[in-house]
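The values are calculated or read from the model by the stated rules, or taken from the named source; none is laboratory data. Model, not experiment: these values are computed from the prediction. A quick note on method: Cβ atoms are made from the backbone with ideal geometry, for glycine too, and the neighbour counts reach across all protein chains shown.
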């Protein structure tokens, strides 16, 4: 197992996307983790006296209209994005992958039902689900997690079903079935390990999408609520100050774009490394 | 008149590990209307030879030597000029009829395309020509309207469409790369007969590429045996079959399963040439067949085999050719 | 063909029904008492009771559900609590903004993306290809509402060419109305274009590797002609599918963009309805939006079959 990791790592280092994306992603996660231990300033510190300062040695990226340190807000926002996107993936994969595997294993009407369910869920982008949930529960970070998670389910279901179907056709599965292994065990012991790399790649994609979705939702006020900082909320507040201090809109946006870009590049590079047989058009 | 002349043709492909020679300095020629067969196992370079003639090699290929068609050096032509040669003076049909036709275009459209491109005929003329071609390849209009799509035809029928496409402009040379390999046995005969008939009728030269000696025996007048990009033996087909000189050719022939075995004592193991075809990147100092050859000599491994002239246009490249019986 | 169609229509109906059930469950059953949710905790008992009667909340669940569906089929989408007008009226009003916006965004993204994808594919592994791919990567990573803000900074604040938000209204004339929609259209189109360009390129490159392209070359078809005449139509098939499937993302994007620019469209309506706890509007509007996405997916499916003759259920010779 460890040998496989080092092998992947070595191949990865030769791949440009993997390296650049990986570095950015790593940076992002480290910063998010760091925010738990230390931030240059406490994000709840309002200091109207210091509002709208330009970057200097105390406030590395300056302050916003409430005098809060932008840099600190950014890194706590990173933590927030990670958590939301991460749990949402947990929901999506946790429900979606078993669904997809079952659909591939059982076929027939079970497959049809799951596929219909998929189609139907696709009609509800995270925003719509978030809106519905907020309508009854009121806004909050939990809602955005659930909403994004719900939208992740059909994605993971579809990917795992597709990959599983092609594994089921392989000879070694036939051998296992002839030996009398049940489809549940086969799915678990044979199919899942083989589609694992595809799932990892899909996870990075969904992670990136999750960050974008979280930002969108908190921009609208449907997700993470103040005083917890989130990148989306920062952009929303920046909009009110667009004429006075346009720079406030730049930082959170760059943070989002850079992180998503890093994750996408990493995912692309990972895909190339894990499945060169795919021979995609790079 | 010499239709096609190949001189010192070498094709190599640039890979991450460096250039690999796929075809190593082969020479042969064909007269107008002649039927040549190129035979060898998978990977011997026979398809690449055809693609080289057509100038359809994959992107990272480097080609050197001479390919002359009717006196014109094809390798000196620009891509635009070569486009005018393809489909017009040379036609080619491929192995996989199932994937070789455009699924979203009608068969009439696809056959008509070369007519439009090269002959500049009027619409009505093109229409008539296409109908005529369909008749010629055994797809009568009543059963096979021009508006059909490829997926509505069987493998054999699609191959006929491909043949129609290839001969539409009455080329001087038709190259058929494993034309029957992907077809049902029952259909193979029909397709081969069709190709032969069309070649005889129009007097065009024919190159048939196959790993199947039976196909070659039936259809060709001259034969070229290839192995790992080298020529091993060439000559008139009947001559080569009767008096094989190269051990490899004999190996190929012996590997054909024999029918008519009735008694138990007649049954012997199916003969196969021992060993495996060497991988493409391996470079040999001497003969590339040395490790598998039953007649190998010391010099075979260290020196390039000489050309042995056996008279009657029959040549082999071997240190230890078989005795003429 | 008719079998295929029938199957698809059945699936469509089932999905739509399922959607109504889920929306009903989530927005009427789950909250327990929709009335108190809408009016707030401090509402008085009589007001709550009155609302409950008006909404028919005392009837059994199945009756409520079926009367809702029946109303829907007759075009009755209920009355908004906040505005006291029929929801259908609100929708018609707002669609006059959302629909042109969506259409313009789709057209813009297609017009940009497909040529870019073709250019990238025909210049595979050369600088132009790299440029297009980088554009695509950026376009996917940049949140569209941030892009919108950047556009506002440049075009409204610095250059003052277009307003920073709001909608002039169609009565003010087509010119001013469209001016308010330019930036939103661009912001909405960007991520779509980025994805579409990438998909076009990828699809085209895949098709160019197919056997029948080699056959075309063997007939003397040039590289250029092979791409345009042979490869493109085959390549566009998956692209059209993606375009259709992207519609739900377009919808999500539109909701955000309308809010960024304060455009009184459907997106803004739904957002305001949630803020005002107007469950009637939310319920019916969510259904309309979801149904639209499902219908579009259905249309895409059918179109797919039309473009690809293989799916028309032809005979096998």
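Set side by side, the residues A:148, A:136, A:131 differ, and just one is closer than 20 Å to residue C:289 by Cα, surrounded by fewer than 21 Cβ atoms within 10 Å (Cβ to Cβ), touching a helix residue (DSSP H, G or I) at 6+ places or on another chain (Cβ under 7 Å) and within 13 Å of chain C (Cβ to nearest Cβ), which is A:136. Residues in region B:241-252 that are in contact (Cβ under 8 Å) with a residue 12 or more places away in the chain and part of a helix (DSSP H, G or I): B:241, B:247, B:248, B:249, B:250, B:251, B:252.
If the requirement is being surrounded by 14 or more Cβ atoms within 10 Å (Cβ to Cβ) and under 26 Å from the mean Cα position of the chain (by Cα), which of these qualifies: C:183, C:103? Exactly one of C:183, C:103 is surrounded by 14 or more Cβ atoms within 10 Å (Cβ to Cβ) and under 26 Å from the mean Cα position of the chain (by Cα), namely C:183. The lone criterion from (1) buried (at least 24 other Cβ atoms within 10 Å of the Cβ); (2) more than 7 Å from every other protein chain (Cβ to nearest Cβ); (3) more than 20 Å from residue C:189 (Cβ to Cβ) left unmet by residue C:290 is number (2).
Taken over region C:249-284, the criterion of being within 16 Å of the chain's Cα centre (by Cα) and more than 7 Å from chain A (Cβ to nearest Cβ) is satisfied by C:250, C:253, C:254, C:257, C:258, C:265, C:266, C:267, C:268, C:269.
Against the conditions (1) farther than 30 Å from residue C:291 by Cβ; (2) in contact with a helix residue (DSSP H, G or I) (Cβ under 8 Å, 6 or more places away or on another chain); (3) within 14 Å of chain B (Cβ to nearest Cβ); (4) free of Cβ contacts under 8 Å to residues at least 60 places away in the same chain, residue C:205 satisfies every one except (4).
Please work out if residue A:124 is touching a helix residue (DSSP H, G or I) at 6+ places or on another chain (Cβ under 8 Å), buried (at least 23 other Cβ atoms within 10 Å of the Cβ) and at pLDDT 80 or above. No, not satisfied.
Listed here are the residues, each with its yes/no results for (1) closer than 26 Å to residue A:265 by Cβ; (2) within 18 Å of the chain's Cα centre (by Cα); (3) at the interface with chain C (Cβ under 9 Å from one of its Cβ atoms).
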site	(1), (2), (3)
A:120	no, no, yes
A:126	yes, yes, yes
A:165	no, no, no
A:172	no, no, no
A:188	no, no, no
A:198	yes, yes, no
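Any chance region B:51-63 includes a residue that's assigned to a helix (DSSP H, G or I), touching a strand residue (DSSP E or B) at 6+ places or on another chain (Cβ under 7 Å) and facing chain C (nearest Cβ under 10 Å)? For region B:51-63, residues assigned to a helix (DSSP H, G or I), touching a strand residue (DSSP E or B) at 6+ places or on another chain (Cβ under 7 Å) and facing chain C (nearest Cβ under 10 Å): present. On the given criteria, is residue A:63 modelled with pLDDT under 90, more than 14 Å from every other protein chain (Cβ to nearest Cβ), crowded, with 24+ Cβ neighbours inside 10 Å and on the phi < 0 side of the Ramachandran plot? Yes: the conditions hold for residue A:63.
In region C:208-220, the residue that is farthest from the other protein chains (Cβ to nearest Cβ) out of those that are within 17 Å of residue C:239 (Cβ to Cβ) and free of Cβ contacts under 8 Å to residues at least 60 places away in the same chain is C:209.
Go through region C:121-148 and report how many residues are assigned to a helix (DSSP H, G or I), within 20 Å of residue A:261 (Cα to Cα) and within 14 Å of chain A (Cβ to nearest Cβ). Count: 17. The helices (runs of 4 or more DSSP H) found wholly in region C:1-75 and carrying at least 1 residues that are away from chain A (no Cβ under 11 Å), surrounded by 13 or more Cβ atoms within 10 Å (Cβ to Cβ) and free of Cβ contacts under 8 Å to residues at least 40 places away in the same chain occupy C:34-39, C:45-55, C:61-73.
Return the only residue of A:223, A:232 being surrounded by 18 or more Cβ atoms within 10 Å (Cβ to Cβ) and part of a helix (DSSP H, G or I). None of the other options fit; the residue is A:232.
Scanning region B:86-98 for residues that are at the interface with chain C (Cβ under 7 Å from one of its Cβ atoms) and either farther than 14 Å from residue C:211 by Cβ or assigned to a loop (DSSP other than H, G, I, E, B) (or both) turns up B:86, B:87, B:88, B:94, B:96.
Only one of the numbered conditions (1) facing another protein chain (nearest Cβ under 9 Å); (2) more than 30 Å from residue C:95 (Cβ to Cβ) is violated by residue C:198, and that is (1). Do we find a residue being more than 8 Å from chain C (Cβ to nearest Cβ), part of a helix (DSSP H, G or I), within 20 Å of residue B:198 (Cα to Cα) and over 28 Å from the mean Cα position of the chain (by Cα) anywhere in region B:133-150? No, every residue in region B:133-150 fails to be more than 8 Å from chain C (Cβ to nearest Cβ), part of a helix (DSSP H, G or I), within 20 Å of residue B:198 (Cα to Cα) and over 28 Å from the mean Cα position of the chain (by Cα). Where residues in region B:222-240 are in a helix (DSSP H, G or I) and in contact with a strand residue (DSSP E or B) (Cβ under 8 Å, 6 or more places away or on another chain), which of them is surrounded by the most Cβ atoms within 10 Å (Cβ to Cβ)? Once the filter is applied, the top-ranked residue is B:240.
Would you mind stating whether residue C:226 is part of a helix (DSSP H, G or I) and away from chain B (no Cβ under 14 Å)? So residue C:226 does not fit the description; no. Among the residues of region B:99-117, those identified as assigned to a helix (DSSP H, G or I), touching a helix residue (DSSP H, G or I) at 6+ places or on another chain (Cβ under 7 Å) and either more than 15 Å from residue C:228 (Cβ to Cβ) or at the interface with chain C (Cβ under 9 Å from one of its Cβ atoms) (or both) are B:107, B:108, B:110, B:111, B:112, B:114, B:115.
Looking at A:74, A:23, A:27, A:101 in this structure, which one is touching a residue at least 24 places away in the same chain (Cβ under 8 Å) and more than 23 Å from residue A:254 (Cβ to Cβ)? After applying the criteria, what remains is A:101.
Of all residues in region B:163-191, those satisfying the criterion of being over 15 Å from the mean Cα position of the chain (by Cα), more than 22 Å from residue B:114 (Cα to Cα) and either surrounded by fewer than 19 Cβ atoms within 10 Å (Cβ to Cβ) or within 13 Å of chain C (Cβ to nearest Cβ) (or both) are B:184, B:185, B:186, B:187, B:189, B:190. Within region A:43-81, the set of residues being part of a loop (DSSP other than H, G, I, E, B) and within 17 Å of residue A:225 (Cα to Cα) comprises A:43, A:44, A:45, A:46, A:66, A:68. Can you tell me which residues in region B:81-93 are buried (at least 24 other Cβ atoms within 10 Å of the Cβ) and either at pLDDT 90 or above or in contact with a strand residue (DSSP E or B) (Cβ under 6 Å, 6 or more places away or on another chain) (or both)? B:86, B:90, B:91, B:92, B:93 - these are the residues of region B:81-93 that are buried (at least 24 other Cβ atoms within 10 Å of the Cβ) and either at pLDDT 90 or above or in contact with a strand residue (DSSP E or B) (Cβ under 6 Å, 6 or more places away or on another chain) (or both).
Of all residues in region A:220-264, those satisfying the criterion of being at the interface with chain C (Cβ under 7 Å from one of its Cβ atoms) and at pLDDT 90 or above are A:235, A:253, A:256, A:257, A:260, A:261, A:264.
Out of (1) buried (at least 17 other Cβ atoms within 10 Å of the Cβ); (2) assigned to a helix (DSSP H, G or I), the odd one out for residue A:258 is which? For residue A:258, the exception is condition (1).
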